[in-house]
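**Student:** Here it is, the structure in full.
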Amino acid sequence: MKRLRKQFIEWLFKHSQNLYTQLFKRQQSWKISRAELLKYPEHTFGNHLGEFLNTHNFELIAKVERHDAYHTLTGIGTRVEDEIALQCLCYGNGKRSLYLFGAVILGILILPDYLKYYKDAYRIGKTAHPFHHFDYKKLLDVDFNIFRSSIFSSTQIQHLSLYRN
């Protein structure tokens with residue numbers, strides 16, 4: 001039964017993503033490929049983002065590139081429950097959007113099995129320094145570890161590492 005609920009949420013994510021970006025996202029696409037990101041020096045945020053995309057065989061999604069930047073920065077995985085936890089973390093950090101509210105509410109209602117995970121993610125976001133407002137394209141050259149440690153404490157980073165898949 002849990003598998004069917006996860007598949008339903010995956011279906012919702014897949015079918016709502018294009019509609020959301022077309023109707024609500026006005027910013028320009030970064031127009032950067034995974035291959036270009038992987039050319040950044042190893043210590044940079046850009047390279048880490050490229051490695052994240054490479055590991056999952058993804059390319060950046062136009063106009064919502066920052067979502068994969070959040071995955072890279074937090075280290076949270078890409079399973080359905082991870083996607084919901086990432087939204088909970090971002091909500092705790094102060095991010096507000098219609099898509100985020102929908103993901104959090106539906107995620108908790110449809111997959112309450114992971115409520116502790118969602119609460120933990122929310123608490124980490126609440127206590128971390130704000131990161132949801134950055135222009136991540138301008139930060140691709142920044143040292144990843146310095147950037148990450150300016151947002152999350154070492155304890156938070158250690159806790160986040162438990163959520164990698």
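The values are calculated or read from the model by the stated rules, or taken from the named source; none is laboratory data. Worth saying up front: this structure is predicted, and the values here are computed from it rather than measured. Don't worry about glycine lacking a Cβ; one is built from the backbone with ideal geometry, like all the others, and counts go over all protein chains shown.
**Student:** May I ask you to say which residue of 31, 25 is at pLDDT below 95, closer than 18 Å to residue 136 by Cβ, surrounded by 14 or more Cβ atoms within 10 Å (Cβ to Cβ) and not β-branched (Val, Ile, Thr)?
**Tutor:** On the way: 31 fails: surrounded by 14 or more Cβ atoms within 10 Å (Cβ to Cβ).
Every option except 25 fails the conditions.
**Student:** Can you find a residue in the stretch 106-117 that is under 14 Å from the mean Cα position of the chain (by Cα) and part of a helix (DSSP H, G or I)? Spell out the reasoning first.
**Tutor:** Restricting attention to the stretch 106-117, the residues satisfying the condition of being under 14 Å from the mean Cα position of the chain (by Cα) are none.
No, the stretch 106-117 has no match at all.
**Student:** Quick one: would you say residue 156 is of a type in the set (S, T, N, Q), within 21 Å of residue 12 (Cβ to Cβ) and assigned to a helix (DSSP H, G or I)? It would help to see each step written out before you state the result.
**Tutor:** Details: of a type in the set (S, T, N, Q): yes; within 21 Å of residue 12 (Cβ to Cβ): no; assigned to a helix (DSSP H, G or I): yes.
No: the conditions fail for residue 156.
**Student:** Of 70, 40, which residue is of a type in the set (Ser, Thr, Tyr), part of a helix (DSSP H, G or I) and in contact (Cβ under 8 Å) with a residue 12 or more places away in the chain?
**Tutor:** Values: 40 fails: part of a helix (DSSP H, G or I).
Testing whether each residue is of a type in the set (Ser, Thr, Tyr), part of a helix (DSSP H, G or I) and in contact (Cβ under 8 Å) with a residue 12 or more places away in the chain leaves just 70.
**Student:** Report, ordered by the first and then the second residue, all pairs with beta carbons closer than 8 Å, sequence separation of six or more or different chains, a first member in the stretch 84-110 that is surrounded by fewer than 23 Cβ atoms within 10 Å (Cβ to Cβ) and among the polar types (S, T, N, Q), and a second member that is assigned to a helix (DSSP H, G or I) and modelled with pLDDT of 95 or more.
**Tutor:** From the stretch 84-110, the pairs are 93/125; 93/126.
**Student:** Being touching a helix residue (DSSP H, G or I) at 6+ places or on another chain (Cβ under 8 Å) and basic (Lys, Arg) narrows it down to one residue among 96, 66; which is it? Explain how you work it out, then say what you get.
**Tutor:** Details: 96 fails: touching a helix residue (DSSP H, G or I) at 6+ places or on another chain (Cβ under 8 Å).
Sole residue among the options that is touching a helix residue (DSSP H, G or I) at 6+ places or on another chain (Cβ under 8 Å) and basic (Lys, Arg): 66.
**Student:** So which of 56, 43, 15 ends up being in contact with a strand residue (DSSP E or B) (Cβ under 7 Å, 6 or more places away or on another chain) and either surrounded by fewer than 18 Cβ atoms within 10 Å (Cβ to Cβ) or among the charged types (D, E, K, R) (or both)?
**Tutor:** Numbers: 56 fails: in contact with a strand residue (DSSP E or B) (Cβ under 7 Å, 6 or more places away or on another chain); 15 fails: in contact with a strand residue (DSSP E or B) (Cβ under 7 Å, 6 or more places away or on another chain).
So the residue among 56, 43, 15 that is in contact with a strand residue (DSSP E or B) (Cβ under 7 Å, 6 or more places away or on another chain) and either surrounded by fewer than 18 Cβ atoms within 10 Å (Cβ to Cβ) or among the charged types (D, E, K, R) (or both) is 43.
**Student:** Okay, moving on. Looking only at the stretch 111-134, which residues are buried (at least 19 other Cβ atoms within 10 Å of the Cβ) and β-branched (Val, Ile, Thr)?
**Tutor:** 124, the sole residue that qualifies.
**Student:** Going by the structure shown, is residue 78 in contact (Cβ under 8 Å) with a residue 24 or more places away in the chain and either in a helix (DSSP H, G or I) or more than 13 Å from the chain's Cα centre (by Cα) (or both)? Lay out the reasoning, then the answer.
**Tutor:** Details: in contact (Cβ under 8 Å) with a residue 24 or more places away in the chain: yes; either in a helix (DSSP H, G or I) or more than 13 Å from the chain's Cα centre (by Cα) (or both): no.
Considered against the rule, which asks whether it is in contact (Cβ under 8 Å) with a residue 24 or more places away in the chain and either in a helix (DSSP H, G or I) or more than 13 Å from the chain's Cα centre (by Cα) (or both), residue 78 comes out as no.
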